Amino acid sequence: MCQFRYPKKYEEDKIYAISGYAVVQNETAIQKETMINGPVQTCVKLYEDFNFYKSGIYKHTWGEWEGAHAVKLIGRGVENGTKYWIISNSWNYDWGENGESLLRRVPNKTYITQGVIVASSFRTVFNPSQQ
């Protein structure tokens, strides 16, 4: 949450920093990344019906394309032969399944727009002012 006239400068308040990143674009590499290093950031194609998602594996059925939306991709699975990605949304816990969704995975037709962003180097930044 942003606070108007927050008393600390960015450099004084920073605890974590990412010094590099990579874009992973194929399904196998995305699966490997989430298994080894955990969740990744990505953008999904946002259609009107996505706003009303409640549960199950999401498949676009109606409404116009509204743009791209940033989400956290946290895993994958298969249900009754249908592959899906598990995503965590930023729209609060009352959307979808406690803020999460299952997105259908179809070869050469995906809801993920341009691949996923992965941190290649993550470090803790020491700030004496935070002690």
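The values are calculated or read from the model by the stated rules, or taken from the named source; none is laboratory data. The structure displayed is predicted, hence computed values, not measured ones. Every residue, glycine among them, receives a Cβ derived from its backbone with ideal geometry; neighbour counts consider all protein chains shown.
Quick notes
- Some residue of the stretch 44-57 being of a type outside the set (D, E, K, R), surrounded by 12 or more Cβ atoms within 10 Å (Cβ to Cβ), at pLDDT below 80 and in a strand (DSSP E or B): no
Let's see how each residue does on (1) at pLDDT below 85; (2) surrounded by 15 or more Cβ atoms within 10 Å (Cβ to Cβ):
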residue: 77; (1), (2): no, no
residue: 86; (1), (2): no, yes
residue: 95; (1), (2): no, yes
residue: 103; (1), (2): no, yes
residue: 107; (1), (2): yes, no
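- Meets criteria (acidic (Asp, Glu), free of Cβ contacts under 8 Å to residues at least 40 places away in the same chain and within 20 Å of residue 106 (Cβ to Cβ)) for residue 48: yes
- No other residue among 12, 66 is farther than 14 Å from residue 101 by Cα and surrounded by fewer than 12 Cβ atoms within 10 Å (Cβ to Cβ) apart from 12.
- Pairs, first within 18 Å of residue 39 (Cα to Cα) in the stretch 63-92, second acidic (Asp, Glu) and part of a strand (DSSP E or B), C-beta under 8 Å, six or more apart: 74/100; 86/100; 87/100; 88/100; 89/100
- Condition check for residue 34: assigned to a strand (DSSP E or B), at pLDDT below 90 and surrounded by 15 or more Cβ atoms within 10 Å (Cβ to Cβ): no
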